[in-house]
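Each remark here refers to the structure printed beneath this line.
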Amino acid sequence: MEKLLDLAKIPEPFEEGSVQIWLDSNRADFVLKAHFDENIPGGSKGNDFIDETVNFISEIAPLTKYKKIIDLGCGPGLYSQSLAARGYDVVGVDFNEKSIEYAVHEAQKKGLIIDYRIEDMTNIEIEQEFDLALLIYEIYSVFNPENRKKILSNIHRGLKSGGLVLLDVLSENSYEKFEQNFMWGLTRKDNPFSDKKHLSLFASIKYPDHVTLSKNVLVFGDGELVNYHYWNQHFTIESLEKEVNDAGFTLEKIYADVNGGEYQAEGESFAAVLKKK
């Protein structure tokens, strides 16, 4: 009971849970499934959106000048595959082993040559190898300030002079619309986290400085306790620009999303193209 009470407390900003869901072997199937379901938070967009995004990438980074791409947080390789099929030389990086295994299998099945790596983008070692880095699905927003600095530093070191970054983040509008909530209850039969009966405690919490938390505690009958923390940093254009400038990038242009749509001030996220100084 003491452990449960400890897990259920309100954590400090960006305090880690007992396990990261992306690295939880018991939830590996759920994480992989999420990449193919738009209705699951954090899930991939549909095929049409992916095609639009790859078309946009080919416009801002034509193959003749930007041949080598690193796809950070590539998951099962949906974008990496499409880019490789266009002729780009792609490296896909993710620290979820099951997603990389799926990506490798799909690339082999389709006859695509893609260099997939199981690595953590906060400590990846790359050196002036790439023309373009992708950091999409609002991945940048989930990291704490220290790790965001590490990621931008790693990308900056890994890009050639004048290299580009395409990333997207949650906006201050999504922070304003974020609703605080506390819920608990026994699981439904179709619960995505586990087919084992368990008690679920959920909290959505707003913090100062545009930080939010979605917190899940799963309590199983055999005594197993699992605690997931899903943090998000929400940005204004100005706050994002300051972070990337400090890391050695210029903010070239803002878009509504990574498919190149026109920026909407009321949007709950936005995308940015950065350039290495």
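No value in this document is a laboratory result; all are computed from the given coordinates. Since the structure is predicted, the reported quantities are computational estimates derived from the model, not experimental observations. In this analysis, Cβ positions are derived from the backbone assuming ideal geometry, glycine residues included, and neighbour counts consider all displayed protein chains.
Numbers at a glance
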{"item": "Cα-projected label distance for SER214 with THR236, points at 7 Å along beta-carbon direction, nm", "result": "2.6"}
{"item": "Residues SER18 and ASN147, FRET efficiency given R0 of 25 Å [Cβ-Cβ distance, rounded to 0.05]", "result": "0.85"}
{"item": "Under 13 Å, Cβ to Cβ, from SER82 - net charge with Lys/Arg +1 and Asp/Glu -1", "result": "-2"}
{"item": "Additional length obtainable on full extension of the chain from LYS160 to LYS110, 0.36 nm per residue less Cα span", "result": "15.1 nm"}
{"item": "Amide H contacts of GLY77 (H built 1.01 Å from N, under 5 Å, at least 5 apart or other chain)", "result": "none"}
{"item": "Rough spin-label spacing in nm, given labels placed 7 Å along Cα→Cβ, for LYS68 and ARG86", "result": "1.9"}
{"item": "R0 of 22 Å, Cβ-Cβ distance MET183-LYS98: FRET efficiency to nearest 0.05", "result": "0.15"}
{"item": "Size of charge dipole - the range 223-277 - debye, nearest 20, with Cβ of Lys, Arg +1 and Asp, Glu -1, no other charges", "result": "360"}
{"item": "Environment charge at PHE95 (Cβ cut-off 9 Å; Lys +1, Arg +1, Asp -1, Glu -1)", "result": "-4"}
{"item": "Distance violations [Cα-Cα > 18 Å] among LYS67/LYS160; LYS45/LYS160; LYS149/LYS275; LYS45/LYS242; LYS177/LYS242; LYS45/LYS177", "result": "LYS45/LYS160; LYS45/LYS242; LYS177/LYS242; LYS45/LYS177"}
